[in-house]
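Notes follow the structure.
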Amino acid sequence: MADTYVLVHGAWHTGAELEPVARELRAAGHTVWCPTLAGNRPGDDRARTGLADSVASLVEFVEGQQLTQVRLVGHSYGGMVISGAAARLLPRLARLVYVNAFVPLPGECLNDMVPPHYKALFDAVAAGNGNAVMLPFEIWREAFINDADLELAQTAYAKLNQHPYRTFTEPIELEQPVAALAVGKSYLNCVLDIAMPASMPWHPRLSERLGLFRYIECAGSHEAWFTQPVALARAIIEAGRD
Amino acid sequence: MADTYVLVHGAWHTGAELEPVARELRAAGHTVWCPTLAGNRPGDDRARTGLADSVASLVEFVEGQQLTQVRLVGHSYGGMVISGAAARLLPRLARLVYVNAFVPLPGECLNDMVPPHYKALFDAVAAGNGNAVMLPFEIWREAFINDADLELAQTAYAKLNQHPYRTFTEPIELEQPVAALAVGKSYLNCVLDIAMPASMPWHPRLSERLGLFRYIECAGSHEAWFTQPVALARAIIEAGRD
Amino acid sequence: MADTYVLVHGAWHTGAELEPVARELRAAGHTVWCPTLAGNRPGDDRARTGLADSVASLVEFVEGQQLTQVRLVGHSYGGMVISGAAARLLPRLARLVYVNAFVPLPGECLNDMVPPHYKALFDAVAAGNGNAVMLPFEIWREAFINDADLELAQTAYAKLNQHPYRTFTEPIELEQPVAALAVGKSYLNCVLDIAMPASMPWHPRLSERLGLFRYIECAGSHEAWFTQPVALARAIIEAGRD
């Protein structure tokens with residue numbers, strides 16, 4: 001079955017970093033799009049782009065391409081964006097897939113779901129950096145891409161871009177919880193992911209906000225897109241199929 | 001080493017659905033029986049069959065076949081049944097193996113161990129269905145057989161039978177906790193199983209009721225009997241051996 | 001990259017039992033040492049050897065061999081010993097790796113981190129055994145080496161030695177928490193390990209005491225050194241590399 005996937009990247013990433021996984025999905029016969037969200041494109045205004053802008057850019061992309069029966073896959077921060085876009089895109093959606101992704105309740109911002117030490121770090125970085133944030137390499141290497149060797153950790157880090165902090169602090173506009181949307185939902189959890197501490201985990205803390213959902217696991221860390229593209233693509237298919 | 005296994009099915013199943021796993025165990029040299037419990041046979045009275053009837057049918061089977069050194073394996077609801085039968089079969093048992101199965105304390109019924117939303121659902125279904133229950137396909141597909149493709153989810157669902165609800169509501173008769181029985185115990189956990197929510201998990205919530213127990217994991221969902229028969233058979237051997 | 005590993009055994013073990021894993025690491029190009037700690041050598045005084053003696057023997061070994069850029073790997077009780085040695089060996093260390101190991105806070109002893117039923121058991125055994133402890137075979141077989149067949153469980157058990165109980169009851173001397181040491185830290189968790197109960201797990205209860213740490217998983221039980229030497233060696237490399 002040829003399905004249509006739209007892969008929505010996380011903070012600091014663009015669609016280009018998802019291409020290795022997209023290639024695997026295409027090799028399995030699927031159509032795959034990896035748009036880059038507003039705020040993460042070259043030249044985007046990192047000081048002012050907010051969550052609503054990013055959501056709008058995803059809606060615009062899916063509508064502009066006239067995609068239907070879309071399996072909308074959000075990674076990490078991308079979970080905020082697919083959540084914000086889901087109601088507007090509902091007639092075009094076949095399923096929502098969260099990959100170690102944030103699942104906001106109405107009115108929450110991303111920072112409401114992260115531990116205090118991340119928020120404190122981001123606040124400090126943004127204050128001295130034109131309201132854009134970057135992840136320190138040491139945290140990236142140990143807690144985000146813990147399953148990579150040092151060389152891959154470094155080359156992957158070099159691809160990241162400054163992220164507009166307003167997308168972390170701006171509350172999401174949702175008329176109802178994602179769980180209430182009449183579309184299938186899956187949560188894909190990479191089992192080595194420690195980007196969130198165990199006391200505030202991705203799963204089940206955020207996955208169970210989806211109501212009835214399909215649970216799928218995958219090898220790898222938060223950055224399995226770099227370290228485990230084949231396994232991640234297979235898991236996305238298990239999560240995304242009917 | 002040729003061991004004797006009795007595989008005890010869960011709710012809505014019969015022994016026939018365990019045959020793919022039984023075949024793998026036999027190929028490894030073991031003797032395997034897959035009886036169908038009272039209440040799940042064609043023509044059984046779904047309105048009146050209770051847990052004690054189901055337990056009695058298992059005791060009768062093992063005694064009737066004059067089996068000894070039995071590794072008694074219960075899946076899901078089958079954990080209620082092997083728990084109820086264990087004391088009476090003790091001289092014939094080599095080990096108890098729970099596969100994502102209920103482990104009741106004396107006087108508990110299955111419904112005491114499930115989340116309120118399942119109990120509410122089952123109550124409603126049973127009320128309009130002659131005290132028999134069936135699982136809605138949507139829940140089956142997403143939360144029970146989440147690792148299957150749609151076709152397998154459908155063909156497996158077509159094999160299920162109406163389950164006598166009294167076996168969920170009738171308290172078990174146990175003179176002492178299962179942990180006190182002088183026989184080895186194992187708990188086998190399929191890691192994708194989300195039939196129970198993460199806040200009321202199979203393991204460790206129910207496994208630790210076994211006291212000293214051997215822990216084994218397997219790939220797959222609650223219905224790994226359909227989706228992962230080879231891996232499940234191997235894991236049952238790891239759980240069931242001396 | 002040829003790295004230097006020092007593998008530090010757990011209670012009841014000597015360095016010899018780590019050799020199958022060491023061989024795999026050497027085959028990957030690394031230099032590996034498996035010293036036996038004071039208290040676990042033939043002829044050591046099991047009644048009087050304490051934690052400080054064991055720590056001193058590790059420091060002495062690393063300094064005596066003039067090792068540098070050491071990846072210091074502690075298993076189980078070995079986590080106490082590498083924690084106690086780390087500050088003194090700091091200029092010689094490249095990374096600390098805890099393998100299902102204890103991570104003490106300043107002033108804690110090992111017994112402060114185990115469930116009450118273990119402490120009660122050890123107290124009773126030590127009282128009648130010259131202050132040395134041994135693990136009952138039944139617990140070893142079900143909860144420590146749950147993934148072995150019976151023969152391996154027995155041959156591995158036969159290699160264990162009486163362990164000096166003072167190393168479990170003597171508080172560790174630490175000037176500051178391990179988290180504060182300026183060296184990378186990793187926690188490697190064997191996913192079948194139930195030597196600690198799920199209510200007092202190795203990870204995240206003890207791993208998060210490391211502050212920023214790299215998380216790696218491995219197949220196998222607490223005794224993966226015997227049951228999964230190839231997988232464990234690979235995981236140690238993932239945990240130990242820069």
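The values are calculated or read from the model by the stated rules, or taken from the named source; none is laboratory data. Because the structure is a prediction, the values reported are computed rather than measured. Here the Cβ is made from the backbone with ideal geometry for all residues, glycine too, and neighbour counts use every protein chain on show.
Taking every residue in the range A:119-131 that is touching a residue at least 60 places away in the same chain (Cβ under 8 Å) and pairing it with any residue that is surrounded by fewer than 13 Cβ atoms within 10 Å (Cβ to Cβ) and assigned to a helix (DSSP H, G or I), at least 6 positions away or on another chain, yields no pair with a Cβ-Cβ distance below 9 Å.
Which ones in the range B:103-119 are over 20 Å from the mean Cα position of the chain (by Cα) and within 14 Å of chain A (Cβ to nearest Cβ)? Don't jump to the end; show me each part of the working.
Initial filter on the range B:103-119 (over 20 Å from the mean Cα position of the chain (by Cα)): B:116-117.
Answer for the range B:103-119, where residues must be over 20 Å from the mean Cα position of the chain (by Cα) and within 14 Å of chain A (Cβ to nearest Cβ): just B:His117.
Only one of B:Val73, B:Val59, B:Val21, B:Val6 is crowded, with 21+ Cβ neighbours inside 10 Å, part of a helix (DSSP H, G or I) and aliphatic (A, V, I, L, M); which?
Values: B:Val73 fails: part of a helix (DSSP H, G or I); B:Val59 fails: crowded, with 21+ Cβ neighbours inside 10 Å; B:Val6 fails: part of a helix (DSSP H, G or I).
Just a single option satisfies the conditions, and that option is B:Val21.
In the range A:25-49, how many residues are touching a strand residue (DSSP E or B) at 6+ places or on another chain (Cβ under 9 Å) and within 18 Å of A:Val230 (Cα to Cα)?
Kept after step one, since they are touching a strand residue (DSSP E or B) at 6+ places or on another chain (Cβ under 9 Å), are these residues of the range A:25-49: A:25-26, A:30-35, A:37-40, A:44-49.
In the following step, the residues that additionally are within 18 Å of A:Val230 (Cα to Cα) were identified as A:25-26, A:30-34.
Selection size over the range A:25-49: 7.
Here are some residues: B:Asn146, B:Asn100. Which one is within 16 Å of the chain's Cα centre (by Cα), under 18 Å from B:Ile194 (Cβ atoms), among the polar types (S, T, N, Q) and buried (at least 18 other Cβ atoms within 10 Å of the Cβ)? Result of the check over B:Asn146, B:Asn100: B:Asn100. Against the test of being in a helix (DSSP H, G or I) and over 18 Å from the mean Cα position of the chain (by Cα), the options B:Thr155, B:Thr167 yield a single qualifying residue, B:Thr155. The lone criterion from (1) buried (at least 16 other Cβ atoms within 10 Å of the Cβ); (2) free of Cβ contacts under 8 Å to residues at least 24 places away in the same chain left unmet by A:Gly43 is number (1). For the range A:147-162, a residue qualifies if it is in contact (Cβ under 8 Å) with a residue 60 or more places away in the chain and under 21 Å from A:Val125 (Cβ atoms), and the qualifying residues are A:Ala156, A:Lys159, A:Leu160, A:Asn161, A:Gln162. Search the range C:175-223 for residues being surrounded by fewer than 21 Cβ atoms within 10 Å (Cβ to Cβ) and within 11 Å of chain A (Cβ to nearest Cβ), and hand back the single one that is nearest to C:Val99 (Cα to Cα). By that ranking, first place goes to C:Glu217. Within the range C:128-143, being under 30 Å from C:Gly211 (Cα atoms) and either touching a helix residue (DSSP H, G or I) at 6+ places or on another chain (Cβ under 8 Å) or exposed (fewer than 15 other Cβ atoms within 10 Å of the Cβ) (or both) holds for no residue.
Among all residues of the range B:133-146, there is none that is under 27 Å from B:Val6 (Cβ atoms), of a type in the set (Phe, Trp, Tyr) and either more than 14 Å from every other protein chain (Cβ to nearest Cβ) or part of a loop (DSSP other than H, G, I, E, B) (or both). Starting from the range C:77-92, keep only residues that are closer than 13 Å to C:Val178 by Cβ, then list their pairs with residues that are among the polar types (S, T, N, Q) and part of a helix (DSSP H, G or I) whose Cβ atoms are within a distance under 6 Å, requiring at least 6 positions of separation or different chains. As it stands, the answer is C:Val81/C:Ser54, since those pairs meet every condition given. Scanning the range A:53-89 for residues that are out of contact with any strand residue (DSSP E or B) (no Cβ under 8 Å at 6 or more places or on another chain) and either closer than 23 Å to A:Ala2 by Cβ or at pLDDT below 95 (or both) yields A:Glu63, A:Gly64, A:Gln66. Among the residues of the range B:1-21, just one is over 11 Å from the mean Cα position of the chain (by Cα) and without any contact (Cβ under 8 Å) to a residue 24 or more places away in the chain, namely B:Glu19.
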